Amino acid sequence: MSGQKKVKVLIVGLPLFAQQLKKDLEAFDRVNKYYCLDTYYNRKDRIKAFFRLPFVDVVYSINGSLSKSKVFDIAFLLKKRVMMTWVGTDVTKAKKESNKNQQYLEYSEHYCEVEWIQQELKELKINAKIQNFFNFKSTIEAPIVTKPTLTILTYISKNREEYYGWNELCFVAEQHPDVSFTVVGTDGVGKYPSNVHCLGWQKDMNQHFNNAQCTMRFVEHDGLSGFVLESLLRGKQVIYSEPLIHCIHVNSKEAINQQVGQLKQRIQNGETIFNQEGRDYVLANFNTQTVLTNLVTNFTK
């Protein structure tokens, strides 16, 4: 990174991802300065942003927006670079907005993580470049799970269960009572099959990944999911509602049901179903060195 100009970057947007990225960048890059403020949900951080903005070079948002934002407005007024990474739900929201902020369209630098979001953004006349922020250390281990029965891990957001495929999950669980479904995020909704185990929010996911041979993510609309990428990194078969390489693409509960049956049969035939190709893909394309080098280069150009 020698020879590049030093910059100060304010990271805003989805708080969980923004805070983690700040930590990653600070550990990786000791030359430039990184700040993170939760301007969505934290009133104090919104106030802090107004005092921080004059002294940064770049505002990097993990979430795109074409609706009014005081942070973006001040950043443009102060002639700061504004970089938006569109992640999924924000695209759906922008499509529905009747009054799209032309300044945000024309003067922001637009990015996304995956091709299907890139294509959707073209409908909004946004030409976004692919740039990732999810990154993983190559030291994360991926033990092979050799259980005689299939165990599937999934994340379903609390209070958004239907959007995240709760109904489809329960349908498939009823069809396969011998398959164990571990659900993190939600505590469950109503009465559900006994082979569905809802654990609520989990801070440490290691044990849950290590107990499963497969993960599932079936959402109405998705960007590139960090849960899916980590699943691939850990060698899991991934049943996914988006067409990502080395995942099993499904578009209905019937398709999920069929794929679960096939995975179950493979295990009964003595296979481990370890997804080495998926692990290699994430190690090659989403490792910390590659992703953060590209980000820092972009911040300092």
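The values are calculated or read from the model by the stated rules, or taken from the named source; none is laboratory data. Bear in mind that the values here come from a model prediction, so they are computed numbers and not experimental data. Methodologically, a virtual Cβ is constructed for each residue, glycine included, from the backbone with ideal geometry; neighbour enumeration extends over all protein chains shown. SASA here: full protein model, heavy atoms, side chains in, ligands and nucleic acids out. Shrake-Rupley method; radii C 1.70, N 1.55, O 1.52, S 1.80 Å.
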query = Please identify the GluC sites (Glu not before Pro) of the stretch 193-255 that satisfy two criteria: DSSP loop assignment and at most 16 other Cβ atoms within 10 Å. Which are they?
reply = E220
key: Percent of Cα pairs exceeding the 25 Å cut-off, where the set is the stretch 1-115   = 20 percent
inquiry  = For the chain, what does the relative contact order come out to in percent, with C-alpha contacts under 8 Å and a separation of six or more?
reply    = 16 percent
remark   = Over the chain, with neighbouring protein chains present, the accessible area per residue in Å² at probe 1.4 Å is 50 Å²
key: 12 Å beta-carbon shell around N167, net charge (K/R +1, D/E -1)   = -4
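Going from most exposed to least, what order do K264, K23, K236, K147 have by accessible area with a 1.4 Å probe?
Most to least solvent-accessible, the answer reads K23, K147, K264, K236.
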inquiry  = Could you compute how much accessible surface L121 exposes when probed at 1.4 Å, giving the result in Å² to the nearest 10?
reply    = 0 Å²
remark   = Unit-weight point scatterers at every alpha-carbon of the chain, Debye formula, q = 0.07, 0.09, 0.13, 0.14 1/Å: log10 I(q)/I(0) is -0.30, -0.49, -0.97, -1.09
request  = With runs of 4+ DSSP H residues as the only contributors, calculate the mean residue ellipticity of the chain at 222 nm using -39,500 (n - 2.57) per run, divided by the residue total and rounded to the nearest 500.
outcome  = -11000 deg cm²/dmol
note = Where a ≥ b ≥ c are root eigenvalues of the Cα gyration tensor, a/c under 1.5 meaning rounded, otherwise prolate if a/b exceeds b/c and oblate otherwise, the stretch 199-276 counts as oblate
ask   = With all protein chains present and a 1.4 Å probe, how do L66, L283 order by accessible area, largest first?
value = L283, L66
query = What's the longest bit of the chain with no exposed chymotrypsin sites (Phe, Trp or Tyr not before Pro), using DSSP loop states and at most 16 other Cβ atoms within 10 Å as the test?
reply = 42-162
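Taking 0.36 nm per residue of separation and subtracting the Cα-Cα distance, what length does fully extending N159 through I74 add?
27.3 nm
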key: Magnitude of the charge dipole, the stretch 141-185, Cβ model with Lys/Arg +1 and Asp/Glu -1, debye to 20   = 120 debye
message = Which one, V219, N294, L244, is farthest towards the positive end of the dipole of the stretch 149-301 when Lys and Arg carry +1 and Asp and Glu -1 on their Cβ?
response = N294
remark   = Largest-first ranking of K79, K44 by accessible area, probe 1.4 Å, whole protein assembly kept, is K79, K44
query = So what is the relative contact order for the stretch 169-293, in percent, with contacts set as C-alpha pairs under 8 Å and at least six apart?
reply = 20 percent
task = Determine, from the Cβ-Cβ distance of H249 and N294 and an R0 of 25 Å, the FRET efficiency 1/(1 + (r/R0)^6), rounded to the nearest 0.05.
result = 0.40
ask   = Put a dot 7 Å past each Cα toward the Cβ at M205 and K100; how far apart are the dots in nm?
value = 3.2 nm
Solvent-accessible area of S108 with every protein chain in place, 1.4 Å probe, in Å² to the nearest 10 = 10 Å²
ask   = Magnitude of the Cβ-charge dipole of the stretch 122-269, K/R +1 and D/E -1, about the Cα centre, nearest 20 debye?
value = 360 debye
request  = Excluding K80 itself, calculate the net charge of residues whose Cβ lies under 12 Å from the Cβ of K80, where each Lys or Arg counts +1 and each Asp or Glu counts -1.
outcome  = +1
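Answer rounded, prolate or oblate for the stretch 86-195, using the Cα gyration tensor with square roots of eigenvalues a ≥ b ≥ c: rounded when a/c is under 1.5, else prolate when a/b is larger than b/c, else oblate.
oblate
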query = Excluding F227 itself, what net charge comes from residues whose Cβ is under 13 Å from its Cβ, given Lys and Arg +1 and Asp and Glu -1?
reply = 0
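Got a number for carbon plus sulfur as a percent of the stretch 115-162's accessible area, 1.4 Å probe?
C and S fraction of accessible area: 49 percent.
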Label-point gap, in nm, between S67 and N269 - each point 7 angstrom along Cα→Cβ = 4.9 nm
key: Gyration tensor (alpha-carbon) shape descriptor, the stretch 111-263, a/c threshold 1.5   = prolate
